[in-house]
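Read-outs: derived from the displayed coordinates by stated rules, not from any lab. The shown structure was predicted, so the numbers you read here are calculated from the model rather than taken from an experiment. In this analysis, Cβ positions are derived from the backbone assuming ideal geometry, glycine residues included, and neighbour counts consider all displayed protein chains.
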Amino acid sequence: MKKISPRRLRRMQARMLSGLGLDLKELGTAEEILIRFPDKQLVIKGASVIQVNLEGERVFQLIGGEVEEKAAEEMIEEEYVPPDEDVALVAAQAGVNEDLAREVLKEVKGDLAKAILLLKSRRS
């Protein structure tokens, strides 16, 4: 049996899948992929990512990579740091200083509308 090159094999695979109505697209190698569950999270480093489109639905396939699993106790919630532009916008719209706007933006995890409404309701 003749050996088939990987490039030719990928082309053949793509043709077969498109005949079945599947569109296969290689996205490349991801530095890090984070999957969060209520009780744990998975961190996958260096996995190849392939996107498959089927009847309007997208399916992502991860191949290889180094998997690290963290239990809920190990998961550290990163503190949200609002961008200066968001702080300035909220401060101007709500008529408050930037420190208060920054504090409320952290509280609502970056939801601009919620931050403005909350600050306006506190002033009333």
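A few notes on this one:
- The stretch 6-74 - Debye-derived log10 I(q)/I(0), Cα point model, q = 0.16, 0.28 Å⁻¹: -0.67, -1.16
- Length gained when the stretch V59-A30 is fully extended (0.36 nm per residue, less Cα-Cα span): 8.9 nm
- Across the chain, the longest run free of exposed loop sites, meaning trypsin sites (Lys or Arg not before Pro) lying outside DSSP classes H, G, I, E and B with no more than 14 other Cβ atoms within 10 Å, spans 4-108.
- Taking Cα atoms only, the orientation of helix 112-123 departs from the longest principal axis of the chain by about 20 degrees.
- Among the GluC sites (Glu not before Pro) found in the stretch 1-46, those both in a DSSP coil and sparsely packed, with 12 or fewer other Cβ atoms within 10 Å of their Cβ, are E31.
- Between E98 and K70, residue separation times 0.36 nm minus the direct Cα-Cα distance comes to 6.5 nm.
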